[in-house]
């Protein structure tokens, strides 16, 4: 079974600064998907960024980028020019490419609560 | 805009009563929906996978008779918490998974806004 670990329960960043959230995972599969989801105080889960394991290039979405290190099984999220609206709980998630059975589900990390300081 | 809706957004009920939560796919025929439970400041825990036209698949430790799931149509899945007790108070989230076969890598999963259940 796959596991996802987020070792930082809480992080804070000054507005306009850069912050990096850590995520490691364990899997025996060679191809899979990785995601970062954001859950603001409204509790609505929002997809921030996604990475396919077969792609060597790190995904980027505006101010959000990842550092995907497949050999190290590491998938960190970098938020540049942090804004007050970035304050949220961030979850790292893993999904197998197998499309049947329990592999169809997302496996979530425990989350990192990000505070943005004005 | 929202692609998954949940109703109600919050509900308070007395201990021993049953509560039904609806999850609707607004613009997609979802053959698979997931139901999660989330306690404050914790991660999402998968309760069950809802399959249209067949029985739901429950995760280990989730009581099938207590958390009844029905997925009678491609756009609606329901979770009924039967004989609710205070320990069932939680935030319940549904999610649908889309499988775009032409671009299979983009198996997007969309989440509903959640339902906060408080059992007195």
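Values quoted throughout were computed directly from the atomic coordinates according to the rules given, and no laboratory measurement underlies them. These numbers come from a predicted model, not from an experiment. Here the Cβ positions follow ideal geometry from the backbone for every residue, glycine too, while neighbour counts run over all protein chains shown.
Please identify, among B:49, B:75, B:57, the residue showing maximal mean-square fluctuation in a Gaussian network model of chain B using a 10 angstrom Cα cutoff.
Checking each option, the largest mean-square fluctuation is seen for B:57.
Calculate, in whole percent, how much of the Cα-Cα pair population of the protein assembly as shown lies beyond 26 Å.
39 percent
Counting other beta carbons within 10 Å of each residue's own, what order do B:33, B:45, A:45, A:89 fall into, fewest first?
By the 10 Å Cβ count, ascending: B:45, A:89, A:45, B:33.
Where does each of B:85, B:7 land when they are ranked from fewest to most other beta-carbon atoms within 10 angstrom?
Ordered from fewest to most neighbouring Cβ atoms within 10 Å, B:85, B:7 come out as B:85, B:7.
Would you mind estimating how fast segment B:45-95 diffuses translationally, via Stokes-Einstein at 4 °C and 1.567 mPa s with the Kirkwood radius over Cα pairs, in µm²/s?
The estimated diffusion coefficient comes to 112 µm²/s.
Report the calculated FRET efficiency for residue A:97 and residue B:10 (r = Cβ-Cβ distance, R0 = 30 Å), to the nearest 0.05.
Approximately 0.25, to the nearest 0.05.
If I take R0 = 45 Å and measure r between the Cβ atoms of residue B:76 and residue A:14 in this structure, what FRET efficiency does the formula 1/(1 + (r/R0)^6) give, to the nearest 0.05?
For residue B:76 and residue A:14, the calculated efficiency is 0.50.
Roughly how crowded by other chains is peptide A:81-94, in terms of the mean Cβ count from those chains within 10 Å of each of its Cβ atoms?
Average neighbour count from other chains, rounded to a whole number: 1.
How much of the DSSP bridge set in chain B is antiparallel, in percent, rounded to the nearest 5?
DSSP beta bridges in chain B are roughly 90 percent antiparallel.
Only bridges with both residues in the protein assembly as shown count here: give the DSSP antiparallel percent, nearest 5.
Taking every DSSP beta bridge within the protein assembly as shown, about 90 percent pair in antiparallel fashion.
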